[in-house]
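To start, the structure itself, in structure tokens.
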Amino acid sequence: MKHTHSILRAAVVVTTAAIGISMAAQGRTRADTAPGPDGSTRLFDGRVIPPLPKLLSVREQYELRVKWLERKHEALLPMMRRHGVGMWIVVNEEFRNDPVTEYVVPPLSYVSRRDVITFIDGGAEGLKGFSNYWRPTADYARFVKPLPVPADARGQRDTRLGLQRVFEQYKPKTVALAIGGHRGQDSGLSRDSHQFLLDALGPDAQSRIVPAAPLIEEYFDTRLPDELEYYRAAVLATDIIAQRALSNEVITPGKTRAADIKWFYNDQIARLGVGATPWFEIHVAVQRFDPSTGDVIPYVHPAPDDLVFQRGDVIHLDCGFNYLGFATDWQKVGYILREGETDVTPGMKQALKNGNITQDAIRTASRPGMTGYEATQAAMKELKGVAFLPSLYSHPIGYQGHGLGPSINARDGVLGGKPERDSVLRLGSYRSIELSATTAVPEWNGKKLLIPFEDDAHLTEKGYEWFRPPQTSWYLIR
């Protein structure tokens, strides 16, 4: 999903002269697609859209995530020690789930007033986990034990006393809480829960409170090798639905509105039947050149819901969804052919190619161990002297669409100074390679066309590798 970006918002004149569509045109649209023997679909513009991958059922996802959780817990204690954390407390409030909860204990539905999960460096005893959760399943009990205080008749335990007992028994030098970060995942502790913890742990613990943000980032940004192909399937499904959305299956010039694409995407995610949900508001942006006047409606992001697509429109789709505890993030561009056109102009092809050049600069210049700023410097070095304006705003992705980790950021080609907060690129971590390239198009009287791209990739020793091949030609719509 696009971060805050300097976008020229312009008024969009919605024409309604060509709302109707003839039966002949509808028939032509159906003829523009040809099914393949493997379930794929070939479009008139040469695209071959593969069949949807087989995704896991809700139960299968849960069981796999519990297996992954075992591996994550094996890595947790070394992470805590690297960050000097003796005790880490996660608080989950009713109807206000902490983003960390479903990744440190099994992904159940937690509705207690306040669930407290704490992990302790037990020295020779290893990692110790305790919780006041009073309806533990067998899976939950594998990862954390009840707080070491008696249970009442309902099975509930005194959280304050339990935390005090744990603190007194293990005497941790530091107590890490979700404070002091810069994102919702690493700074989500509420004021009331913060005060509750301070009161429960007592004055001796208060001087030992430290931010959990560095630990949470490493925990969230560290990928298991087994996750790779499952995430690839999620990206494939994202791409398939996006390509269908940017085709005549959905778009009829003079009839289809911006909101229709959003709801098509939302409906298709629901029809996957695996509990997938959008993690942000799916939307489109539009650019339009009027050859009769030479005027350009520049990049309008997002397009108003009631905007009606016309021939000659450049459409940018921004989409993604949650599945299997992960999020995808995806941006592609399409063009609605004018009457008599069979392809985009050479200038538009070059504009899209410039987007690919910008993608490759980020992809090939990045290396594990680089800081985000160093990776940005390396990418901008690759782009030095290009005849277009690159803009980089690439972010980590994984458990959330806007994941924790370093950004690769040079808005409008301006590198700027070192960021206040930075960290390193981790081998195997996932990234949304998000960017734009703005190019002067000769056929648009030299006016500029902005191409935004966003593709998910994973970091290897030689740079980022795509989960799916990037878009290298225009998605065409008749």
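The values are calculated or read from the model by the stated rules, or taken from the named source; none is laboratory data. If you're wondering where the values come from, they're calculated on a predicted model, not measured in any experiment. Neighbour counts run over all protein chains shown; Cβ positions are idealised from the backbone, glycine included.
In region 388-417, what residues are assigned to a loop (DSSP other than H, G, I, E, B), touching a helix residue (DSSP H, G or I) at 6+ places or on another chain (Cβ under 8 Å) and farther than 18 Å from S432 by Cβ?
Listed by number, the residues that qualify are F388, L415.
D305 - would you say it is assigned by TED's automatic domain parsing to the domain that holds K447, surrounded by fewer than 21 Cβ atoms within 10 Å (Cβ to Cβ) and more than 29 Å from P106 (Cα to Cα)? Walk me through how you get there before you give the answer.
Details: assigned by TED's automatic domain parsing to the domain that holds K447: yes; surrounded by fewer than 21 Cβ atoms within 10 Å (Cβ to Cβ): yes; more than 29 Å from P106 (Cα to Cα): yes.
So D305 passes the test.
With the condition kept exactly as written, say whether any residue in region 265-287 is touching a Lys or Arg at 6+ places or on another chain (Cβ under 8 Å), buried (at least 17 other Cβ atoms within 10 Å of the Cβ) and free of Cβ contacts under 8 Å to residues at least 24 places away in the same chain.
No, there is no match, as no residue in region 265-287 is touching a Lys or Arg at 6+ places or on another chain (Cβ under 8 Å), buried (at least 17 other Cβ atoms within 10 Å of the Cβ) and free of Cβ contacts under 8 Å to residues at least 24 places away in the same chain.
Being in contact with a Phe, Trp or Tyr (Cβ under 9 Å, 6 or more places away or on another chain) and over 30 Å from E63 (Cβ atoms) is the filter here, so list the residues in region 304-333 that pass it.
Passing the criteria: G312, D313, V314, I315, H316, L317, D318, Q331, K332, V333.
How many residues are within 30 Å of P203 (Cα to Cα) and surrounded by 14 or more Cβ atoms within 10 Å (Cβ to Cβ) if we restrict to region 130-147?
Result for region 130-147: 9.
For region 338-349, check the following and say yes or no: at least one residue is outside any loop (DSSP other than H, G, I, E, B), closer than 30 Å to A378 by Cα, in contact with a strand residue (DSSP E or B) (Cβ under 7 Å, 6 or more places away or on another chain) and at pLDDT 95 or above.
Within region 338-349 (the criterion being outside any loop (DSSP other than H, G, I, E, B), closer than 30 Å to A378 by Cα, in contact with a strand residue (DSSP E or B) (Cβ under 7 Å, 6 or more places away or on another chain) and at pLDDT 95 or above), the answer is yes, since at least one residue qualifies.
One residue is enough: does region 227-234 have a residue meeting the conditions in the same structural domain as Y133 (by TED's automatic domain parsing) and surrounded by fewer than 16 Cβ atoms within 10 Å (Cβ to Cβ)?
No, region 227-234 contains no residue that is in the same structural domain as Y133 (by TED's automatic domain parsing) and surrounded by fewer than 16 Cβ atoms within 10 Å (Cβ to Cβ).
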